[in-house]
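*Asks:* Here it is, the structure in full.
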C-alpha cells in the first residue's frame, strides 16, 4: 500500500512542500489516485522517482502541471543529501538512464513471456518436484520461461525495430519510447563532435570534443559511443542477430565551464564489434563463436541510444572468426595467469584438468540451445531480422504449454529430489565418481563482454525539465 505524507521543506528557491508517495512494489505504474495527489498544489510540481528500475510514467511526462522529473535511483544512506543540491541548482545533474523507459511495458517483447504466476507458464504434461526452504511438492506442473526476444532486449529492440521501419513513430504513446537508454537532461547545454579518429590495426582511437554552449551553469556531460554493424545474407545464413545500435564505450567529462570544452579520447578494440554466431561448427568439437564480419561499420556518438550527434564509417576488410584457434584479446586477458602481485602473464592459467590453453567463447548449454532452436523439442521462436513481424515474441499458447518427449525426459532426469547423491557417477560421494578423481572438465574462465552498467557514475538523472530553476526553461 502507498502512504501519502506531506512534509515541509525549506529551500531557497520555490520548493515549499514535499509529497512522498510509496506505492505497491509489484506495480511499475502509478494509479489514477496517486497521479492526482499533487493536483491541489498551485505551483509547478517536481517529481522525484526513487526507484531502482524504469517505471511506466508517460502520464507524468505529458502532464503540463509537472515542471520536472528527476530519477534518483537507489539512494542508500546518503543519496538524499545530493538531491537537495540538485533541486536548488547547486549541483547540475549529469546522469543518464541505465535502462530504456517504454511507454507501455505490456507491449514490450520481453513482457510477453514474463511469468505472471498463472497457469500460462507451466506445462500441462510435464511434471517435477518444486522445493522451497521448508517443503517440497511432487508431481507439480513444471514451469518454463522462453527468452524469445533473444539479443533484442531494451534499447537494442527499440532502436532496431525503429531503424528497420517496423516502429514508424519512435515516441508514439502506444508502443513507443518515453525516454531512450542513456537519456538525461542538464541545467546547461552541450555540443559534441568527433574531432579525430585513427585506425591502429586492431583498435580505433577516437577523440570527441565536448563544449558547454550554455551561459549560466558549469556542468558535466557523458560521451556515449555506439556502433552499427552490417546485416547481410552472411548473417541470415548463419542466423546471426545484430541490433542496429550497440553501446561500445562511454566516458564522463569533468566539470566544464560555460564556453569551455574538454576533449575525451577513447580506444576501442575492433573485436568488441563482433557478433555471436551460435550455429558455426568450429571443427574442433565445439559449436558457436564470435565473428567480426567484413564490411562497413558505423561509429556514432549519441546523446542517448536514439539521438545521433556525429558519426563516421570504418571498413573491416576481412571476416574474423574468434574460435579456439583465434580467441579474442578480451578472452585471453580473462584467462591469463597472474603473478603474485596481480599482473597478467603471457600464458593461460590451468583449467580443471591441469591444461594451460586459452579457450574462446563457444556454446556451453546444449539443452538450452536445442530447446530454443529445434522445432521437435519446443515451439519457441527467437526474434530475428530475417522475419521481424513473423518472429515477434508472443504469450504462451496451448501448443507452447505441451512439452515434447525430450523436455519431459529432461525434467525427469533433473528432478533434484530424485538425485542419487551417494552413487552419482559424476558428483556422487562414492570414491569412483569423477569429482573424486578430479576428472571434471570445462571449468575454464570464459569471459563474454557486457555493456558497462551505466548506473555506475550516473547516480541521478533529470528526465524532464520545463521550468526549473525558475530563471529559465528547457525542454
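The values are calculated or read from the model by the stated rules, or taken from the named source; none is laboratory data. Since the structure is predicted, the reported quantities are computational estimates derived from the model, not experimental observations. In this analysis, Cβ positions are derived from the backbone assuming ideal geometry, glycine residues included, and neighbour counts consider all displayed protein chains.
*Asks:* Does region 324-338 include one or more residues that are within 26 Å of residue 149 (Cα to Cα), free of Cβ contacts under 8 Å to residues at least 40 places away in the same chain and within 25 Å of the chain's Cα centre (by Cα)?
*Replies:* For region 324-338, residues within 26 Å of residue 149 (Cα to Cα), free of Cβ contacts under 8 Å to residues at least 40 places away in the same chain and within 25 Å of the chain's Cα centre (by Cα): absent.
*Asks:* Can you work out which of the residues in region 349-366 that are at pLDDT 90 or above and either within 23 Å of the chain's Cα centre (by Cα) or surrounded by 13 or more Cβ atoms within 10 Å (Cβ to Cβ) (or both) is farthest from residue 287 (Cα to Cα)?
*Replies:* Within region 349-366, the match that is farthest from residue 287 (Cα to Cα) is 358.
*Asks:* Of (1) under 22 Å from residue 414 (Cα atoms); (2) in a loop (DSSP other than H, G, I, E, B); (3) modelled with pLDDT under 95, residue 369 satisfies all except one. Which?
*Replies:* (2)
*Asks:* Mind telling me which of the residues 314, 299 ends up being part of a strand (DSSP E or B) and surrounded by 18 or more Cβ atoms within 10 Å (Cβ to Cβ)?
*Replies:* Every option except 299 fails the conditions.
*Asks:* Same structure, new question: Condition check: modelled with pLDDT of 80 or more, over 23 Å from residue 110 (Cβ atoms) and either in contact with a helix residue (DSSP H, G or I) (Cβ under 9 Å, 6 or more places away or on another chain) or exposed (fewer than 11 other Cβ atoms within 10 Å of the Cβ) (or both). Does residue 441 satisfy that?
*Replies:* Criteria not met by residue 441.
*Asks:* What number goes with the only condition from (1) without any contact (Cβ under 8 Å) to a residue 60 or more places away in the chain; (2) within 30 Å of residue 148 (Cα to Cα); (3) surrounded by 12 or more Cβ atoms within 10 Å (Cβ to Cβ) that residue 415 does not pass?
*Replies:* Failing condition for residue 415: (1).
*Asks:* Could you pull out the residue among 240, 256, 264, 204 that is surrounded by 18 or more Cβ atoms within 10 Å (Cβ to Cβ), under 29 Å from residue 105 (Cα atoms) and at pLDDT 95 or above?
*Replies:* 240
To keep it simple, each residue is scored yes or no on (1) in contact with a strand residue (DSSP E or B) (Cβ under 6 Å, 6 or more places away or on another chain); (2) in contact (Cβ under 8 Å) with a residue 40 or more places away in the chain.
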| residue | (1), (2) |
| --- | --- |
| 288 | yes, yes |
| 306 | no, yes |
| 310 | yes, yes |
| 314 | yes, yes |
| 341 | no, no |
| 370 | no, no |
| 373 | no, yes |
| 380 | no, yes |
| 390 | no, no |
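*Asks:* Within region 418-430, identify whether any single residue is in contact with a helix residue (DSSP H, G or I) (Cβ under 9 Å, 6 or more places away or on another chain) and modelled with pLDDT of 70 or more, and answer yes or no.
*Replies:* yes
*Asks:* Which members of region 270-286 meet the condition of being assigned to a strand (DSSP E or B) and either touching a helix residue (DSSP H, G or I) at 6+ places or on another chain (Cβ under 6 Å) or surrounded by fewer than 16 Cβ atoms within 10 Å (Cβ to Cβ) (or both)?
*Replies:* Across region 270-286, the qualifying residues are 277, 279, 281.
*Asks:* What are the residues in region 219-232 that are over 12 Å from residue 305 (Cα atoms) and touching a helix residue (DSSP H, G or I) at 6+ places or on another chain (Cβ under 8 Å), if any?
*Replies:* 229, 231
*Asks:* Within region 233-244, is even one residue in contact (Cβ under 8 Å) with a residue 24 or more places away in the chain, within 25 Å of residue 183 (Cα to Cα), assigned by TED's automatic domain parsing to the domain that holds residue 192 and out of contact with any helix residue (DSSP H, G or I) (no Cβ under 9 Å at 6 or more places or on another chain)?
*Replies:* There is no residue in region 233-244 that is in contact (Cβ under 8 Å) with a residue 24 or more places away in the chain, within 25 Å of residue 183 (Cα to Cα), assigned by TED's automatic domain parsing to the domain that holds residue 192 and out of contact with any helix residue (DSSP H, G or I) (no Cβ under 9 Å at 6 or more places or on another chain).
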